[in-house]
Every structure is written in structure tokens, then in C-alpha cells.
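The values are calculated or read from the model by the stated rules, or taken from the named source; none is laboratory data. Bear in mind that the values here come from a model prediction, so they are computed numbers and not experimental data. Don't worry about glycine lacking a Cβ; one is built from the backbone with ideal geometry, like all the others, and counts go over all protein chains shown. In case anyone asks, the SASA skips ligands and DNA or RNA and just uses the protein heavy atoms, side chains included. Shrake-Rupley method; radii C 1.70, N 1.55, O 1.52, S 1.80 Å.
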Amino acid sequence: LVENCYFHDIDRTGVSNTSSWMNRTMTENYNWVPSKNVIIRNNKFERTGANALIVRVSDSALIEHNLFTHCAIKQSGNSFYPFNCDNTLMQFNEACFTKYNKGDADAGGFDSDWNSKNCLIQYNYSHDNEYGALLVCCNGIDDGFNDGTIVRYNIFQNEGHHVIRVSGETTNTTIHNNVIYTGAEVSDIDIIWHKNWNGYSDKTYYYNNIFYNLGENNRYDFGQSTNNLFDYNMFF
């Protein structure tokens with residue numbers, strides 16, 4: 001349990017864990033032994049060198065009511081991500097003003113990362129990050145995977161460069177009932193970007209979302225991703 005703490009002005013990462021028992025594929029756990037009952041709640045992360053929070057090799061970790069602000073001020077990093085985890089729940093968090101440094105691969109809000117299953121991202125507020133609100137990803141080599149991520153009931157507002165990035169050979173991602181707002185001052189970005197990372201995503205579903213776009217020349221780029229489904233969305 002990490003609760004009611006203030007992590008600030010830290011070079012590289014505010015809180016992270018690791019494990020020697022982490023090897024698995026999508027279908028087989030070789031020696032994957034997850035941490036249990038991980039709770040990160042009611043904390044403030046401010047001015048971290050890179051990522052503010054990383055949770056690895058955990059089952060059913062709960063990440064809620066945290067504020068991530070002005071993170072990744074020196075090097076690449078999203079504010080928070082689970083890596084090689086199952087059933088992570090991220091809810092009621094705010095991520096804002098993550099900084100993009102030239103050459104960074106990541107500088108956004110919330111991330112369902114490599115080798116994760118059934119990550120649930122809900123009721124969060126992401127805004128004014130310089131490199132996106134949401135990343136769902138895996139590297140398409142070494143049996144990498146990301147399966148079953150659900151993103152719902154979030155607000156993504158005025159993000160830089162892109163809003164939603166789905167990268168690598170992710171599968172069965174569902175993004176529904178979110179509000180994606182891009183103001184007039186935000187132009188020439190990808191609202192949705194399906195990116196090649198040694199492969200493209202398959203079976204990404206978007207439904208019941210509101211895309212409210214006032215910027216100019218904003219795009220939807222799906223690359224060579226497959227089996228994308230859009231249903232019951234509103235575009236303004």
C-alpha cells in the first residue's frame with residue numbers, strides 16, 4: 001500500500017517495483033509469479049525525471065485517486081503504466097502536463113503496456129500532456145502481447161501530438177464511452193494513431209465515444225492495423 005504520499009522533484013521514477021519471476025507468453029506462464037494486493041492511492045507525483053509510477057508483474061493492482069503532473073521533464077516516460085501485469089485497475093486519476101523532450105518515445109498520460117492482460121482504465125482525466133492521453137502497446141517481437149485492455153468513461157482533453165495511440169501487435173482492445181475533446185488551439189495532431197511497432201494492432205473496438213474536434217488538420221491514422229470496428233460514436 002502506497003497512500004497519501006507526495007513524490008516530487010525526483011530523478012527518474014517516483015515509485016516502481018520489479019521481479020525476477022516475470023517470464024511468460026500470451027498463453028503460458030513459465031515462471032511468472034505476480035505480486036498481489038498492490039494498491040497505489042491518493043498520492044501526488046510532480047516533476048519526475050521520467051515515469052512517475054511503474055507497476056510490474058502484478059495481478060489486480062489498484063491505482064486510484066492519484067495526481068500525476070509535470071512528469072517526464074528530463075527523459076521519455078508516460079505518467080503511469082503497468083508492465084507484464086494482469087487485471088490492473090486504473091481509476092479516478094488525473095494526468096496532466098507531461099513533458100515531451102526531443103526524441104522521446106513516450107510523454108503522455110495513461111498506458112497499458114507490454115505483456116499485460118485485461119487492463120481496465122476508467123473514470124480518469126487526462127489533459128494537456130505533450131505526447132498523448134492514452135497508449136496501448138506491445139512490441140511485436142519476443143512473444144510480446146497486450147490483450148483485452150478496456151478504456152471507458154474517461155475524459156481526454158487538449159493533448160499534444162496525438163490523443164490515442166495503439167502501438168504494436170495489441171489484440172482485443174475496447175475503447176468506449178469516452179469524451180475526446182480537442183480545442184481550437186490544438187491542430188495538426190492524430191486523434192487516433194495506430195502505430196507500427198514490429199507489427200500492427202488487431203481487433204480494436206471504438207463505440208459510444210464522443211469525438212469533439214475544433215482544431216484544424218487533425219487526423220485518424222490506422223496504418224496497417226486490422227479488424228477495427230467503429231459503432232455508435234459521435235463526431236463533431
Does region 193-209 contain any residue that is without any contact (Cβ under 8 Å) to a residue 12 or more places away in the chain and over 27 Å from Cys71 (Cβ atoms)?
no
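Within region 200-207, does at least one residue satisfy the condition of being in contact with a Gly (Cβ under 9 Å, 6 or more places away or on another chain) and over 12 Å from Cys137 (Cβ atoms)? Walk me through it before giving the result.
First pass over region 200-207, keeping only residues in contact with a Gly (Cβ under 9 Å, 6 or more places away or on another chain): 200-201.
Adding the requirement that they be over 12 Å from Cys137 (Cβ atoms) leaves none.
So far as region 200-207 goes, no, none of its residues is in contact with a Gly (Cβ under 9 Å, 6 or more places away or on another chain) and over 12 Å from Cys137 (Cβ atoms).
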Regarding Gly148, is this residue over 14 Å from Met26 (Cα atoms), open to solvent by less than 20 Å² (accessible area, probe 1.4 Å) and either of a type in the set (Val, Ile, Thr) or in contact with a strand residue (DSSP E or B) (Cβ under 6 Å, 6 or more places away or on another chain) (or both)?
no
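Are there strands (runs of 3 or more DSSP E) fully within region 141-186 with at least 3 residues that are under 15 Å from Ser225 (Cα atoms)? List them. Reasoning before the result, please.
Values: elements: 150-152, 155-157, 162-167, 171-176, 179-182.
Output list reads 162-167, 171-176.
One line per residue, one yes/no per condition, for (1) among the charged types (D, E, K, R); (2) open to solvent by 10 Å² or more (accessible area, probe 1.4 Å):
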| site | (1), (2) |
| --- | --- |
| Ile121 | no, no |
| Tyr125 | no, yes |
| Glu130 | yes, yes |
| Val136 | no, no |
| Gly140 | no, yes |
| Ile155 | no, yes |
| Thr173 | no, no |
| Thr182 | no, no |
| Ser187 | no, yes |
Considering only region 108-119, state which residues are open to solvent by less than 10 Å² (accessible area, probe 1.4 Å) and not in a loop (DSSP other than H, G, I, E, B).
Phe110, Asp111, Ser112, Ser116
Flagged in region 91-107 as out of contact with any Asp or Glu (no Cβ under 6 Å at 6 or more places or on another chain) and outside any loop (DSSP other than H, G, I, E, B), in numbering order, are Glu94, Ala95
Please count how many residues of region 106-140 are more than 11 Å from Phe83 (Cα to Cα) and basic (Lys, Arg).
0
Name the residues in region 11-70 that are within 19 Å of Cys138 (Cα to Cα), hydrophobic (A, V, I, L, M, F, W, C) and open to solvent by less than 40 Å² (accessible area, probe 1.4 Å), would you?
Trp32, Leu53, Ile54, Val55, Val57
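Can you name every residue in region 192-225 that is in a loop (DSSP other than H, G, I, E, B), surrounded by 19 or more Cβ atoms within 10 Å (Cβ to Cβ) and over 16 Å from the mean Cα position of the chain (by Cα)? Lay out the reasoning, then the answer.
Taking region 192-225 as the starting set, the residues that turn out to be in a loop (DSSP other than H, G, I, E, B) are 196-201, 208-209, 214-218, 222-225.
Filter again for surrounded by 19 or more Cβ atoms within 10 Å (Cβ to Cβ), leaving 197, 200-201, 209, 225.
The answer is Tyr200, Asn209, Ser225.
Just the residues that are among the small types (Gly, Ala, Ser) and either in contact (Cβ under 8 Å) with a residue 60 or more places away in the chain or touching a Leu at 6+ places or on another chain (Cβ under 9 Å) (or both), please, taken from region 78-113.
Ser79, Ala95, Gly108, Gly109, Ser112
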What strands (runs of 3 or more DSSP E) completely inside region 6-76 contain at least 2 residues that are in contact with a Phe, Trp or Tyr (Cβ under 6 Å, 6 or more places away or on another chain) and without any contact (Cβ under 8 Å) to a residue 60 or more places away in the chain?
44-48, 53-56, 67-69
Filter region 71-83 for residues that are farther than 24 Å from Asn118 by Cα and within 15 Å of the chain's Cα centre (by Cα); which is most open to solvent (accessible area, probe 1.4 Å)?
Ser76
Scan region 134-148 residue by residue and report those that are over 7 Å from Thr170 (Cβ atoms), at pLDDT 95 or above and not acidic (Asp, Glu).
Leu134, Leu135, Phe145, Gly148
